[in-house]
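Q: Below is a structure I'd like to ask you about.
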Amino acid sequence: MFSRNIARFSQRASQQARSAPVRQTVQRRFASSEAEAQPSWIVDNEFNRERAAVKHHAASTSDLWRKLSIFAVVPCLIGGGLNAYNLWSEHWEHWEHMPPLEERTEYPYQNIRVKNFPWGDGDKTIFWNSSVNYHNKDKTT
């Protein structure tokens, strides 16, 4: 058991020893005090200045669209959702005042069936909703 602990300790120590220089290099790179440290091989010419201007423009444009998405789109979605909920509620309040489905007039152009559907009893469409749709094969107008 003691030898197993020593093996684990030595393995862990060797991993830490190997990763320490890499970790220090990365930390140094991100903690540097130079704001615009550029390699010596970068030349200040028109092409590089134009690329820098395009990069700056892209950053400001993306920031604009991010702000628009947060401060304009989200409130519009919330307002549209509230409007849809209010319309939905009004719609079902209207349905409460209508007579029951069985008592409504069924016109000859409603629920035309040339042949049976291949599912269920063959009379109901795939979007059939029993609380909204009603069809009585025997009922005439």
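The values are calculated or read from the model by the stated rules, or taken from the named source; none is laboratory data. These numbers come from a predicted model, not from an experiment. Quick reminder, even Gly has a Cβ in these numbers, built from the backbone with ideal geometry, and neighbours come from all protein chains shown. Heads up: the accessible areas ignore ligands, DNA and RNA and are worked out on the full protein's heavy atoms, side chains in. Shrake-Rupley method; radii C 1.70, N 1.55, O 1.52, S 1.80 Å.
Q: Please compute the modelled spin-label separation between Arg113 and Lys55, points set 7 Å along Cα→Cβ, answer in nm with one decimal.
A: Going from the Lys55 label point to the Arg113 one covers 7.0 nm.
Q: While we're looking at this one, here's another question. Compute the distance in nm between two label points, each set 7 Å from the Cα along the Cα-to-Cβ direction, one at Glu102 and one at Asp44.
A: My value for the distance between the label points is 9.0 nm.
Q: If you roll a 1.4 angstrom probe over the protein chains with everything in place, what fraction of the accessible area of segment 46-98 belongs to carbon and sulfur, to the nearest %?
A: Numbers: 3250 of 4850 Å².
Of the solvent-accessible surface of segment 46-98, carbon and sulfur hold 67 percent.
Q: Take Tyr134, Tyr107 and sort them by solvent-accessible surface of the protein heavy atoms, 1.4 Å probe, largest at the top. Mind dumping the intermediate values first?
A: On the way: Tyr134 75, Tyr107 105 Å².
From most accessible down to least: Tyr107, Tyr134.
Q: Follow-up. Output ³J(HN,Hα) for segment 117-130: one whole-Hz value per residue in order, computed from phi by the Karplus curve 6.51 cos²θ - 1.76 cosθ + 1.60 with θ = phi - 60°, and x for Gly and Pro.
A: The phi angles translate into 6, x, 10, x, 8, x, 9, 9, 5, 5, 9, 5, 10, 5 Hz.
Q: In whole Hz and in residue order, list the ³J(HN,Hα) couplings for segment 101-115 that follow from phi through the Karplus curve 6.51 cos²θ - 1.76 cosθ + 1.60, θ = phi - 60°; x for Gly and Pro.
A: Along segment 101-115, the couplings run 4, 5, 8, 6, 6, 10, 8, x, 7, 8, 6, 6, 10, 7, 8 Hz.
Q: Next question, about the same structure. Classify segment 46-98 as rounded, prolate or oblate from the Cα gyration tensor: take a ≥ b ≥ c as the square roots of its eigenvalues, call it rounded if a/c is under 1.5, otherwise prolate when a/b beats b/c and oblate if not.
A: On the way: a/c = 13.36, a/b = 6.44, b/c = 2.07.
The shape class here is prolate.
Q: Apply the a/c threshold of 1.5 to the C-alpha gyration tensor of segment 80-141 and tell me whether it is rounded, prolate or oblate. Present the calculation step by step, with values, prior to reporting the outcome.
A: Numbers: a/c = 3.11, a/b = 1.67, b/c = 1.86.
Since a/c reaches 1.5 but b/c is at least a/b, the shape of segment 80-141 is classed as oblate.
Q: Modelled label-to-label distance, Arg8 and Thr125, 7 Å Cα→beta-carbon offset: nm?
A: In this crude label model, Arg8 to Thr125 measures out at 6.8 nm.
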